[in-house]
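Participant: One structure follows; several queries about it will come next.
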Amino acid sequence: MLNLVEEIRQLKKQTNATILAHYYQDGEIQELADFTGDSLKLARAATQVKTETIVFCGVHFMAETAKMLNPEKRVLLPDLKAGCSLAESCPAPKLHRYQEMLRENGRQFQTVTYINSTAAVKALSDWVVTSGNAEEIIRRVPAGQEILFVPDRHLGQYLEEVTGRKMILWDGACMVHEIFSVGDLLALKKKLPTSITIAHPECPANIREHSDFVGGTEAMLKFVGNYAEPKDFLVATEANMLWQLQSKFPRHRYHPVPGITCACNKCPHMALNTLEKLRDCLIHGTPEIAWQPEFARAREVLQRSLLN
Ligand code: 13P
Ligand code: SF4
């Protein structure tokens with residue numbers, strides 16, 4: 001009998017599928033993927049896929065983004081329930097009511113939305129950003145307009161700090177990045193005094209202020225790669241990122257910053273995608289992301305924001 005990994009490799013060939021995997025997937029899934037990346041890199045990679053089928057190993061909003069950018073392709077997600085606490089924190093009807101209230105109060109604003117959001121929310125937005133291009137897009141918003149930034153308040157605060165632009169912030173957060181323990185981080189720094197701390201901008205200010213580098217997932221890789229000599233890195237982001245760091249730059253040592261309630265820091269949504277579900281999805285051609293009416297408007301915003 002074939003082992004699971006070999007079975008997936010063969011099915012991938014037989015079904016002519018391309019596997020895209022986010023850096024927050026288990027290492028064994030990343031190893032099987034044709035492309036790995038952060039949200040921005042994967043959204044862009046999805047537009048370059050030649051095969052008719054894309055299997056997106058990530059969470060729902062990422063697979064939805066791939067579908068919006070490739071309406072003619074079949075986009076599969078191993079587990080349709082793989083959601084995101086940030087996307088859940090901003091329901092489209094609530095955002096719509098809030099925007100209406102701001103307009104009724106005469107506020108002139110543009111809505112800048114983190115890609116971790118539903119298609120319906122993207123359709124209500126002027127721009128969609130990822131951790132990789134947010135700064136650049138914020139600088140494109142005309143100075144005369146206010147910015148409503150949704151849904152991540154920590155990323156929003158960080159962007160306020162680096163761009164100097166005050167924004168109206170939605171009250172959402174990532175359940176993984178929000179719970180790093182500052183006490184444990186300080187203890188680790190004491191134990192490893194020459195270590196370098198890197199943090200994702202979805203982390204709250206109390207973690208960011210103790211970090212040597214704050215940047216999106218791809219920027220973190222680049223930062224670490226610039227160190228030629230072996231170093232100790234304290235990593236404040238989803239734990240599977242350590243697999244990607246380790247495989248790209250094995251000369252360094254990586255230490256996860258523990259969370260307050262659990263030391264693993266794994267995203268439970270990403271973890272819903274397993275090798276078994278990946279195999280089953282290649283066999284059955286489901287679950288598939290179905291085209292929704294709001295995708296058309298969201299697609300325009302995505303193309304303007306990510307591909308230009
Ligand atoms: P990036 O991949 O854009 O860094 O986002 C991190 C994240 O939390 C994805 O869900
Ligand atoms: Fe959402 Fe956070 Fe999981 Fe990313 S890590 S999918 S932002 S809950």
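Participant: Please verify whether the range 93-114 includes one or more residues that are more than 16 Å from ligand 2 (Cβ to nearest atom), small (Gly, Ala, Ser) and on the phi > 0 side of the Ramachandran plot.
Facilitator: yes
Participant: Another one. Scan the range 265-305 for residues that are within 16 Å of ligand 1 (Cβ to nearest atom) and within 21 Å of Val176 (Cβ to Cβ) and jot them down.
Facilitator: Result: Asn265, Lys266, Cys267, Pro268, His269, Met270, Ala271, Leu272, Asn273.
Participant: When you scan the range 1-107 for strands (runs of 3 or more DSSP E) that lie fully inside it, which ones turn up with 1 or more residues that are small (Gly, Ala, Ser)?
Facilitator: Hits in the range 1-107: 17-22, 35-37.
Participant: Taking the range 236-250 only, how many residues are surrounded by fewer than 17 Cβ atoms within 10 Å (Cβ to Cβ) and in contact (Cβ under 8 Å) with a residue 12 or more places away in the chain?
Facilitator: 2
Condition check ((1) in contact with a helix residue (DSSP H, G or I) (Cβ under 6 Å, 6 or more places away or on another chain); (2) within 14 Å of ligand 2 (Cβ to nearest atom); (3) closer than 22 Å to Cys203 by Cα) across all residues:
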| site | (1), (2), (3) |
| --- | --- |
| Glu238 | no, yes, yes |
| Trp243 | yes, no, yes |
| Gln246 | no, no, yes |
| Pro258 | yes, no, yes |
| Cys264 | no, yes, yes |
| Leu272 | no, yes, no |
| Ile283 | no, no, no |
| Arg299 | yes, no, no |
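Participant: Looking only at the range 251-264, filter to residues that are over 18 Å from Leu192 (Cβ atoms) and open to solvent by less than 60 Å² (accessible area, probe 1.4 Å); which one of those is nearest to ligand 1 (Cβ to nearest atom)?
Facilitator: Residue satisfying both the conditions and the ranking: Gly259.
Participant: Let me ask something else about it. Looking only at the range 73-88, decide whether some residue is open to solvent by 10 Å² or more (accessible area, probe 1.4 Å), touching a strand residue (DSSP E or B) at 6+ places or on another chain (Cβ under 6 Å) and within 16 Å of ligand 1 (Cβ to nearest atom).
Facilitator: No, the range 73-88 has no match at all.
Participant: Given the conditions (1) touching a residue at least 60 places away in the same chain (Cβ under 8 Å); (2) away from ligand 1 (no atom under 12 Å from the Cβ); (3) within 24 Å of Gly132 (Cα to Cα); (4) touching a strand residue (DSSP E or B) at 6+ places or on another chain (Cβ under 9 Å), which single one is not true for His210?
Facilitator: (1)
Participant: Based on this model, can you work out whether Lys41 counts as over 17 Å from the mean Cα position of the chain (by Cα) and open to solvent by 50 Å² or more (accessible area, probe 1.4 Å)?
Facilitator: no
Participant: When you scan the range 150-159, do you find a residue that is farther than 23 Å from Lys94 by Cβ, within 16 Å of ligand 1 (Cβ to nearest atom) and over 14 Å from the mean Cα position of the chain (by Cα), even just one?
Facilitator: Yes, the range 150-159 has at least one match.
Participant: Are any of the residues in the range 21-28 away from ligand 1 (no atom under 16 Å from the Cβ), open to solvent by 50 Å² or more (accessible area, probe 1.4 Å) and in contact with a Ser or Thr (Cβ under 7 Å, 6 or more places away or on another chain)?
Facilitator: no
Participant: Further, regarding this structure: Which of the residues that make up the range 108-123 are hydroxyl-bearing (Ser, Thr, Tyr) and part of a loop (DSSP other than H, G, I, E, B)?
Facilitator: Selection gives Ser117, Thr118.
Participant: Within the range 17-39, work out how many residues are at pLDDT below 95 and over 19 Å from His269 (Cα atoms).
Facilitator: Residues that pass the stated criteria total 0.
The values are calculated or read from the model by the stated rules, or taken from the named source; none is laboratory data. The structure presented is a predicted model; accordingly, all values stated were derived computationally and were not measured. With ideal geometry, Cβ positions are generated from the backbone for all residues, glycine too; neighbour counts draw on all protein chains shown. Accessible surface is based on the protein model in full, side chains and every heavy atom, while ligands, DNA and RNA are left aside. Shrake-Rupley method; radii C 1.70, N 1.55, O 1.52, S 1.80 Å.
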